[in-house]
Amino acid sequence: MKRRTLGVAAIAVATLTAAPAVSSAVTTSTSKPKIDILGGASFKANRYIQDRMRFNKDVYRLKSGTTIQIRSKTPGEPHTVSVVRRADYPKTVKGFETCFMKGPCGKLGEAHGFPEGDGPPTTPLVNTGKAGFDRTGDSIVIAPNGKGSVKLTAAKGQTLQLLCIIHPWMQAKIVVK
Ligand SMILES: [Cu+2]
């Protein structure tokens, strides 16, 4: 998938700078639990480019059975909210490449059916196990500036590790209440 390749190239540069501060605040319960995807980029001439694509929280504490509204406020590129194993989180820029070559970034990208060029994936929702978000491999694509929703079916006490397979520094988790 061309987009992912480009993403890695851009990010290799982007992460040369310190990661931007991301709110570590935890969501409080609201009537419409949501995950917002935020963006923005900047550069310093002859120094770096900084990409601030991110989930709006590091930790979402949500009740089992909740419908999660996901909203992207970034134009241009899609995102995914994907459940992965903690061990599959890239921890370095080189780790992004591993994620694309043999980790969930590549595997889920194929499962979603992202085209080589631009265009929507053939399978925006990949579900493993029972319906909803409850286990590794569950994944939803959110279009540029798009929305989506998914039911949190994981049982109370579970933690789901989230990753955007297109921008694999986007890492957060859901703690199920
Ligand atoms: Cu993303």
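The values are calculated or read from the model by the stated rules, or taken from the named source; none is laboratory data. Given the structure is predicted, the values throughout are model-derived calculations rather than measurements. Positions of Cβ are backbone-derived with ideal geometry, glycine not excepted, and every protein chain shown enters the neighbour counts.
List of remarks:
- Among the residues of segment 129-139, just one is touching a helix residue (DSSP H, G or I) at 6+ places or on another chain (Cβ under 9 Å) and more than 12 Å from residue 85 (Cβ to Cβ), namely 139.
- Residue 141 within 16 Å of the chain's Cα centre (by Cα) and either closer than 27 Å to residue 52 by Cβ or of a type outside the set (D, E, K, R) (or both): yes
- So residue 116, is it on the phi < 0 side of the Ramachandran plot and away from the ligand (no atom under 16 Å from the Cβ): yes
- Of all the residues in segment 163-175, those that are in a loop (DSSP other than H, G, I, E, B) and among the polar types (S, T, N, Q) number 0.
- Filtering segment 140-166 to residues that are within 11 Å of the ligand (Cβ to nearest atom) and over 15 Å from residue 36 (Cα atoms) leaves 165, 166.
- Considering residues of segment 163-175 that are among the β-branched types (Val, Ile, Thr) and surrounded by 22 or more Cβ atoms within 10 Å (Cβ to Cβ) only, the residue farthest from the chain's Cα centre (by Cα): 174
- Residue in segment 28-46 that is closer than 16 Å to residue 96 by Cβ and at pLDDT below 95 present: no
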